[in-house]
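Peer 1: Okay, here's the structure, questions in a sec.
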Amino acid sequence: MAAPSHIAFIMDGNGRWAKRRGLPRKYGHKMGTEALERTVKAAAELGVKYVTFYAFSTENWTRPQAEIDYLMDTFRDFLKKGDKYKDDNYKLVFIGNLDRFPSDIADMARSLVDRTKANDGLTVVIAMNYGSWEEITTAINSLIAEKVASVSEEDVKAALYTAGIPFPDLVVRTGGEVRLSNFLLLQSAYAELLFTDVLWPDFDKNELIRVIDEYSKRERKFGGAGGGDAEA
Ligand code: IPE
Ligand code: IPE
Ligand code: MG
């Protein structure tokens, strides 16, 4: 099978990575940001067209305030590198409700989208304050506000944060947990799912090659009979 065009990552295991080294959880988040940057570069080199990263869920606000504050600072550090992404020809997109973030973060994110929208290289989607339930609820409310009598599947797709972005071919979760944690539930309806014990801060180009190789061995059937076998 062809290489996946869109890979979505549930970047899990930062806290455990740090804990195993006797370090505070924040070091895991710091190294996790480096893993994200490595993976973006590797994905571009390997010809992937879209990557999505689950950076902060709608449920992650329940974490201790000190950890949330540290994560906000890592987002600031990431967003400050905006011009580098512009020069690397990446197109940055954010999914999730940015309004809940401190305004400097939301402003930097929107500015980065604007500054990179003409780029035609790898599309990098960052899911921040994202949750599938919040997304579908927001989508339904926007459709109600348009006073439509009924909606088509296309209308629903266009009302999601991911409008215009092809659905993921492959969803990879690091960190060993086998669940989706409210991530791209509709968009992953026919995605291949891959769970690895590798902790996110250890993810690198070799791991990316390994997951693409695993994907290439899968048979996607989309409800069909599969196997190219026409016999009943
Ligand atoms: C993922 O790593 C990063 C975020 C959710 C922001 P975790 O912080 O969940 O790390 P573990 O799962 O506790 O190891
Ligand atoms: C999922 O990881 C969210 C992100 C990677 C941003 P969590 O660590 O929050 O998920 P649960 O709580 O283990 O399901
Ligand atoms: Mg976790």
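Peer 1: Which pairs do you get when a residue that is within 20 Å of residue 219 (Cα to Cα) and more than 16 Å from ligand 3 (Cβ to nearest atom), found in segment 1-24, comes within reach of a residue that is modelled with pLDDT under 95 and part of a strand (DSSP E or B), reach meaning Cβ atoms under 8 angstrom, with the pair 6+ apart or on two chains?
Peer 2: So the pair list comes out empty.
Peer 1: Separate question: Before we move on, is residue 127 within 16 Å of ligand 2 (Cβ to nearest atom) and within 30 Å of residue 2 (Cβ to Cβ)?
Peer 2: The answer is yes for residue 127.
Peer 1: In segment 29-57, what count of residues is obtained for those that are surrounded by fewer than 22 Cβ atoms within 10 Å (Cβ to Cβ), touching a residue at least 60 places away in the same chain (Cβ under 8 Å) and among the small types (Gly, Ala, Ser)?
Peer 2: The number of residues fulfilling the criteria is 3.
Peer 1: So, residue 63, is that one within 16 Å of ligand 3 (Cβ to nearest atom) and basic (Lys, Arg) or not?
Peer 2: Against the criterion (within 16 Å of ligand 3 (Cβ to nearest atom) and basic (Lys, Arg)), residue 63 qualifies.
Peer 1: What's the total number of residues in segment 1-18 that are part of a loop (DSSP other than H, G, I, E, B) and more than 13 Å from ligand 2 (Cβ to nearest atom)?
Peer 2: 5
Residue-wise test of (1) under 29 Å from residue 136 (Cα atoms); (2) touching a residue at least 40 places away in the same chain (Cβ under 8 Å).
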{"position": "178", "(1), (2)": "yes, no"}
{"position": "182", "(1), (2)": "yes, yes"}
{"position": "196", "(1), (2)": "yes, no"}
{"position": "204", "(1), (2)": "no, yes"}
{"position": "209", "(1), (2)": "no, yes"}
{"position": "213", "(1), (2)": "no, no"}
{"position": "217", "(1), (2)": "no, yes"}
{"position": "224", "(1), (2)": "yes, no"}
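Peer 1: Take residue 82 and decide whether it is on the phi > 0 side of the Ramachandran plot and surrounded by 12 or more Cβ atoms within 10 Å (Cβ to Cβ).
Peer 2: Against the criterion (on the phi > 0 side of the Ramachandran plot and surrounded by 12 or more Cβ atoms within 10 Å (Cβ to Cβ)), residue 82 does not qualify.
Peer 1: Please enumerate the residues belonging to segment 85-110 that are open to solvent by less than 80 Å² (accessible area, probe 1.4 Å) and within 15 Å of residue 44 (Cα to Cα).
Peer 2: Across segment 85-110, the qualifying residues are 85, 88, 89, 90, 91, 92.
Peer 1: Another question, then. Pull up segment 19-56, narrow it to residues that are more than 11 Å from ligand 1 (Cβ to nearest atom) and part of a strand (DSSP E or B), then point me to the one that is farthest from residue 127 (Cα to Cα).
Peer 2: 50
Peer 1: Kindly indicate the residue of segment 122-158 that is hydroxyl-bearing (Ser, Thr, Tyr) and open to solvent by 20 Å² or more (accessible area, probe 1.4 Å) and also farthest from residue 68 (Cα to Cα) among those meeting that condition.
Peer 2: Per the criteria, the residue is 150.
Yes/no per residue for (1) within 16 Å of ligand 3 (Cβ to nearest atom); (2) under 21 Å from residue 46 (Cβ atoms):
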position	(1), (2)
173	yes, yes
185	no, no
191	no, yes
197	yes, no
204	no, yes
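Peer 1: Starting from residues that are part of a helix (DSSP H, G or I) and more than 17 Å from the chain's Cα centre (by Cα), keep the ones in segment 111-121 and report whichever is surrounded by the most Cβ atoms within 10 Å (Cβ to Cβ).
Peer 2: Once the filter is applied, the top-ranked residue is 116.
Peer 1: Another one. Taking segment 63-79 only, how many residues are surrounded by fewer than 17 Cβ atoms within 10 Å (Cβ to Cβ) and within 29 Å of residue 157 (Cα to Cα)?
Peer 2: Residues flagged as surrounded by fewer than 17 Cβ atoms within 10 Å (Cβ to Cβ) and within 29 Å of residue 157 (Cα to Cα) within segment 63-79 amount to 0.
Peer 1: Take residue 117 and decide whether it is away from ligand 2 (no atom under 16 Å from the Cβ), closer than 29 Å to residue 136 by Cβ and in contact with an Asp or Glu (Cβ under 9 Å, 6 or more places away or on another chain).
Peer 2: no
The values are calculated or read from the model by the stated rules, or taken from the named source; none is laboratory data. Computed from a predicted structure; not experimentally measured. Here the Cβ is made from the backbone with ideal geometry for all residues, glycine too, and neighbour counts use every protein chain on show. The protein model used for the area step is the full one, side chains on, heavy atoms only, and it has no ligands, DNA or RNA in it. Shrake-Rupley method; radii C 1.70, N 1.55, O 1.52, S 1.80 Å.
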